[in-house]
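Participant: I have a structure here, written as structure tokens, and I will follow up with some questions on it.
Derivation of every value follows stated rules applied to the coordinates shown; laboratory data play no part. These numbers come from a predicted model, not from an experiment. Please note: Cβ atoms are built from the backbone with ideal geometry, for glycine as well, and neighbour counts cover all protein chains shown.
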Amino acid sequence: MAAKLKKGDQVIVIAGKDRGARGVINSVDPKMGKAVVEGINLSITHRKQTQNQEGGKIPKFMPIELSNLAIVDPSDDKPTRVGFRMEDDKKVRFSKRTGVLING
């Protein structure tokens, strides 16, 4: 199956505690069906100080389900679904809301 969401895509959260938040995808794990998005689903981990590293609270962005994300339409800046079509013997992604091509 083709990837509807890829690294570098601008997305918006449509469900969950961070609903309405926007960010850019850092990484995608298609096998698990999750993605890490910059600025969304922040978790604080506590690290004990050792001789080699400093301790303290370390912020970390945790994975979020792909079903809770929607790509942002490049033309009207609203969430949209992704479709696929062939153009010049190449499979491209497009916005189902407006029909505009999604780069990437």
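Participant: With point charges of +1 on the Cβ of Lys and Arg and -1 on the Cβ of Asp and Glu, referenced to the Cα centre of segment 57-100, which listed residue (A70, V82, F94) lies farthest in the positive direction of the dipole?
Facilitator: Most positive-ward Cα: A70.
Participant: Restricting attention to the alpha-carbon atoms of the chain, what are Rg (one decimal) and Dmax (integer), both in Å?
Facilitator: 16.9, 59
Participant: Still on this model: In whole Hz, what ³J(HN,Hα) sequence does segment 85-100 give by Karplus (6.51, -1.76, 1.60; θ = phi - 60°), x for Gly and Pro?
Facilitator: 8, 9, 9, 6, 6, 9, 7, 10, 8, 9, 7, 6, 6, 10, x, 6
Participant: Under the rule of at least 5 residues apart or a separate chain, name every residue whose amide H is placed under 5 Å from the amide H of D73.
Facilitator: K78, T80
Participant: With springs only between Cα atoms under 10 Å apart, run a GNM on the chain and tell me which of A35, A70, A15 wobbles the most.
Facilitator: Comparing A35, A70, A15 in a Gaussian network model of the chain, the most mobile one is A15.
Participant: Also, quick follow-up: Which residues does a label at T45 reach in segment 55-69, if reach means a backbone N under 19 Å from a point 7 Å past the Cα toward the Cβ?
Facilitator: Under cut-off, by backbone N: 55-65.
Participant: Moving on to the next point. If you find the alpha carbon centre of segment 9-27 and of segment 38-94, how far apart are they in angstrom?
Facilitator: 6
Participant: What's the tally of Lys pairs in segment 32-104 whose alpha-carbon atoms lie under 25 angstrom apart, where the two lysines are 8 or more places apart or on different chains?
Facilitator: Close lysine pairs under the 25 Å cut-off: 9.
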